[in-house]
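The values are calculated or read from the model by the stated rules, or taken from the named source; none is laboratory data. If you're wondering where the values come from, they're calculated on a predicted model, not measured in any experiment. Every residue, glycine as well, gets a Cβ built from its backbone with ideal geometry; the counts of neighbours run over all protein chains shown.
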Amino acid sequence: MTKPAKKHALATRLWHWTNLICIVVLFMSGLNISNGHRRLYWGDWGFAPEHAWLEVPRFPGWMTIPDYYSLSQARDWHILTAWPFALALLLMWIAMLVNRHFQRDITTTRREWKPAAVWADIKAHLRFDFEHAGGKYNFLQKVAYGLVFGVFLPMMVFTGMAISPGVEPWLGWLTEVLGGRQSARSLHFIFAWAVFGFFVIHVALVIVHKPLHHLRGMITGGRLEESDKPAADIKGETT
Amino acid sequence: MKRRNFLIAIGAGFVAGCQKIGDTAPGKTLLEAAPNWHKAVHDALGGRTALAPEFGPEDVSPYFRGNGSTNPTNGDYQAQAEAEFANWEIAVGGMVDNPMRLTMANLRALPQRTQITRHDCVEGWSAIGEWTGPQLSTILDEAKVQDGARFIVFRCADNLNGDDYYESVDMLDAYHPQTIVAHKLNGEDLPIKNGAPARMRIERQLGYKHAKYVTGIEAVASLDGIGEGKGGYWEDRAGYQWYAGV
Ligand code: HEM
Ligand code: HEM
């Protein structure tokens, strides 16, 4: 009677596709916002070319929402989409701690960080050999997903809040920890591109390696194969 | 090349889709409501009294950028400036029991607050300056705001691209301790580019809320019928968010 176990929990799949839409809207509306003032600064303040550490290029219309320059409309989209993005991330964190997806499939062990093990993993990756015994994801995937869940996406929320003048009065330490409002704005921009970088590599890897299989998995849940179970489970140990 | 065109096509399709959704009634409603969700959270957690950060004298920017109107040429502003704003008056009215006309001398005679704060423009830049002026709450208490009033509207002398500048805030920000009518920047009379002779400081919101060249302070029950009804020049003209705390 028991149904075959799914590879991806419903929570993971719901988060994944909600997040995709949010990221695309936030990134593209963010690039429109960036066109509003194309310089980045460190510290609390900055407004003139001599204060800037980066002159940002103007992003063309096909990269932005809306597809012409409109700071107010881009901000509308950004301000709205920040909600589903941040709430979905929060719910995903709760879900994957509760259903132990995080502990089971994403946390790494000290053994995996040994240089020889890392090197073997990189070589396997370059051979497009992703069939890895002893876990749903191999080491590099775990590190990448861990970074995305643990650093890149939360940093988008934290830096986004730190640059909001209505947040600072009750969360001032956040802006301070991030080095001041203009530093937080620079970090917001940098992490947005880090997320974009992950996105490109991530989608490229899905495309080169059994795209339909993986996509189906991420939509329907797929089937949990023997090799997807953590090594410890296979040996019957408790983790 | 083909793949790139394909990607651009997907991107363009997505953007067009967004724009379609944004044009539907529910889409518009959502986009307009979202700033209020942020405001509800900010109000709940920051409340009436949470202060925007204040800085030390060593943090003040070497100069203070002016934006929007930087030298109004409409009306009698230039003549007023010539006379060093000796005849400038700020009309305090609307839903108040005790309407007043404040001269710059009246303004300077009130208890003053000096604060070094950071000014954040909606475009993205920030500058730090030291502002001095009476708290708006002092003026509103003196004018005796009536019970039904829900917003304070600021009237301005500058006409930008054919429309008079104005702004508005709710009572939470109007009575906030850091909301002052500033007439000094860094210890000097306010420069023209920064709003001489008097401008608002609404420290928990973006720069366009900080009305410059203030000529009127008006208590109202509703923003309908003022300008195009959205509560401010940039709100009416280009759809900027009335709540500018995000
Ligand atoms: C809860 C999440 C987020 C919040 C609250 C938020 C908030 C903001 C705010 C307030 C700005 C305006 C900054 C300025 O003054 O220039 C901004 C800009 C921007 N955002 Fe976000 N954001 C969020 C998530 C994201 C995400 C996920 C991305 C992309 C992956 C993104 C990309 C950008 C970019 C590229 C800019 C323009 C940077 C600049 O030049 O200022 N944001 N965001
Ligand atoms: C068109 C875009 C995307 C496609 C086709 C896609 C596809 C996939 C697929 C097929 C998987 C499952 C991998 C496996 O079973 O081995 C996956 C997992 C994942 N993706 Fe994506 N993805 C996309 C965009 C994104 C974006 C924008 C992000 C985040 C910024 C993201 C973050 C993740 C994460 C964190 C996982 C691991 C989920 C988990 O098990 O907890 N993806 N993606």
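From the list B:LEU136, B:LEU140, B:LEU107, which residue is out of contact with any helix residue (DSSP H, G or I) (no Cβ under 8 Å at 6 or more places or on another chain) and either at pLDDT below 95 or more than 14 Å from chain A (Cβ to nearest Cβ) (or both)? Before the answer, list the steps.
Numbers: B:LEU136 fails: out of contact with any helix residue (DSSP H, G or I) (no Cβ under 8 Å at 6 or more places or on another chain); B:LEU140 fails: out of contact with any helix residue (DSSP H, G or I) (no Cβ under 8 Å at 6 or more places or on another chain).
Every option except B:LEU107 fails the conditions.
Only one residue in B:GLY245, B:GLY231, B:GLY239 is out of contact with any Cys (no Cβ under 6 Å at 6 or more places or on another chain), away from chain A (no Cβ under 11 Å) and not hydrophobic (A, V, I, L, M, F, W, C). Which one? Spell out the reasoning first.
Numbers: B:GLY245 fails: away from chain A (no Cβ under 11 Å); B:GLY239 fails: away from chain A (no Cβ under 11 Å).
Step by step, each of B:GLY245, B:GLY231, B:GLY239 is checked, and only B:GLY231 is out of contact with any Cys (no Cβ under 6 Å at 6 or more places or on another chain), away from chain A (no Cβ under 11 Å) and not hydrophobic (A, V, I, L, M, F, W, C).
Considering every residue within the stretch B:198-206, establish whether at least one is touching a residue at least 24 places away in the same chain (Cβ under 8 Å) and surrounded by fewer than 22 Cβ atoms within 10 Å (Cβ to Cβ).
Within the stretch B:198-206, the first condition is being touching a residue at least 24 places away in the same chain (Cβ under 8 Å), and the residues that meet it are B:198, B:200-206.
Checking the rest, the ones that are also surrounded by fewer than 22 Cβ atoms within 10 Å (Cβ to Cβ) come to none.
No, because not a single residue in the stretch B:198-206 is touching a residue at least 24 places away in the same chain (Cβ under 8 Å) and surrounded by fewer than 22 Cβ atoms within 10 Å (Cβ to Cβ).
Considering the stretch A:1-38 alone, what residues qualify as being of a type in the set (Gly, Ala, Ser), surrounded by fewer than 20 Cβ atoms within 10 Å (Cβ to Cβ) and in a helix (DSSP H, G or I)? First the steps, then the outcome.
Going residue by residue through the stretch A:1-38, those that are of a type in the set (Gly, Ala, Ser) are A:5, A:9, A:11, A:29-30, A:34, A:36.
Keeping just the survivors that are surrounded by fewer than 20 Cβ atoms within 10 Å (Cβ to Cβ) gives A:5, A:9, A:11, A:36.
Within the stretch A:1-38, A:ALA11, A:GLY36 meet the criteria.
Need pairs with beta-carbon distance below 6 Å; first residue more than 13 Å from chain B (Cβ to nearest Cβ) and within the stretch A:176-196, second within 8 Å of ligand 1 (Cβ to nearest atom) and modelled with pLDDT under 95; sequence gap 6+ or separate chains.
none
If you scan the stretch A:57-89, which residues turn out to be more than 7 Å from chain B (Cβ to nearest Cβ) and polar (S, T, N, Q)?
A:THR64, A:SER70, A:THR81
Scan the stretch A:85-97 and report the pairs whose first residue is without any contact (Cβ under 8 Å) to a residue 12 or more places away in the chain and whose second residue is within 14 Å of ligand 1 (Cβ to nearest atom), with Cβ atoms within less than 9 Å and a gap of 6+ or a chain change.
What qualifies is A:LEU90/A:VAL157.
So A:HIS214 fits all but one of (1) out of contact with any Lys or Arg (no Cβ under 9 Å at 6 or more places or on another chain); (2) assigned to a helix (DSSP H, G or I); (3) at pLDDT 95 or above; what number is the exception?
(3)
Looking for whichever is within 30 Å of B:ASP189 (Cα to Cα) and more than 9 Å from every other protein chain (Cβ to nearest Cβ) here; the options are B:PRO57, B:PRO53. Which one fits? Don't jump to the end; show me each part of the working.
On the way: B:PRO53 fails: more than 9 Å from every other protein chain (Cβ to nearest Cβ).
The unique qualifying residue is B:PRO57.
Against the definition (within 30 Å of A:LYS229 (Cα to Cα) and either within 20 Å of the chain's Cα centre (by Cα) or part of a helix (DSSP H, G or I) (or both)), how does A:ALA88 come out, yes or no?
It is true that A:ALA88 is within 30 Å of A:LYS229 (Cα to Cα) and either within 20 Å of the chain's Cα centre (by Cα) or part of a helix (DSSP H, G or I) (or both).
Would you be able to tell me the number of residues in the stretch B:18-32 that are surrounded by fewer than 11 Cβ atoms within 10 Å (Cβ to Cβ) and not polar (S, T, N, Q)? Give the derivation first.
First pass over the stretch B:18-32, keeping only residues surrounded by fewer than 11 Cβ atoms within 10 Å (Cβ to Cβ): B:20, B:23-26, B:29.
Right, trim to not polar (S, T, N, Q) and you get B:20, B:23, B:25-26.
The number of residues fulfilling the criteria is 4.
If you go through the stretch A:1-40, how many residues are at the interface with another protein chain (Cβ under 10 Å from one of its Cβ atoms) and within 7 Å of ligand 1 (Cβ to nearest atom)?
5
Go through the stretch B:200-246 and report how many residues are touching a helix residue (DSSP H, G or I) at 6+ places or on another chain (Cβ under 9 Å), among the aliphatic types (A, V, I, L, M) and under 18 Å from A:LEU80 (Cβ atoms).
Qualifying residue count for the region: 3.
Based on what the data block shows, is A:GLY160 in a helix (DSSP H, G or I), within 16 Å of ligand 1 (Cβ to nearest atom), modelled with pLDDT of 95 or more and within 21 Å of the chain's Cα centre (by Cα)? Walk me through how you get there before you give the answer.
Numbers: in a helix (DSSP H, G or I): yes; within 16 Å of ligand 1 (Cβ to nearest atom): yes; modelled with pLDDT of 95 or more: yes; within 21 Å of the chain's Cα centre (by Cα): yes.
In short, yes.
Can you give me the number of residues within the stretch B:125-140 that are within 12 Å of ligand 1 (Cβ to nearest atom) and either surrounded by fewer than 23 Cβ atoms within 10 Å (Cβ to Cβ) or assigned to a strand (DSSP E or B) (or both)?
So the first thing to find is which residues in the stretch B:125-140 are within 12 Å of ligand 1 (Cβ to nearest atom), and the list is B:125-126.
Filter again for either surrounded by fewer than 23 Cβ atoms within 10 Å (Cβ to Cβ) or assigned to a strand (DSSP E or B) (or both), leaving B:126.
Count: 1.
Only one of these is among the aromatic types (Phe, Trp, Tyr), in contact (Cβ under 8 Å) with a residue 60 or more places away in the chain and touching a helix residue (DSSP H, G or I) at 6+ places or on another chain (Cβ under 6 Å): B:PHE85, B:PHE55. Name it. Before the answer, list the steps.
Values: B:PHE55 fails: touching a helix residue (DSSP H, G or I) at 6+ places or on another chain (Cβ under 6 Å).
Answer to the selection: B:PHE85.
Restricting attention to the stretch A:134-154, does a residue exist that is on the phi > 0 side of the Ramachandran plot and loosely packed, with under 14 Cβ neighbours inside 10 Å? Reasoning before the result, please.
Residues of the stretch A:134-154 that are on the phi > 0 side of the Ramachandran plot, as a first pass: A:134-135.
Still in the list and also loosely packed, with under 14 Cβ neighbours inside 10 Å: none.
Among the residues of the stretch A:134-154, not one is on the phi > 0 side of the Ramachandran plot and loosely packed, with under 14 Cβ neighbours inside 10 Å, which makes the answer no.
Just one of the numbered conditions (1) of a type in the set (Val, Ile, Thr); (2) more than 16 Å from ligand 1 (Cβ to nearest atom); (3) out of contact with any Ser or Thr (no Cβ under 7 Å at 6 or more places or on another chain) is not true of B:ILE90; which one?
(3)
Within the stretch A:41-56, work out how many residues are at the interface with another protein chain (Cβ under 9 Å from one of its Cβ atoms) and in contact with a Leu (Cβ under 9 Å, 6 or more places away or on another chain).
Number of matching residues: 2.
If you check B:ASP120 against the conditions, is it within 30 Å of A:GLY179 (Cα to Cα) and modelled with pLDDT of 95 or more? Before the answer, list the steps.
Details: within 30 Å of A:GLY179 (Cα to Cα): yes; modelled with pLDDT of 95 or more: yes.
So B:ASP120 passes the test.
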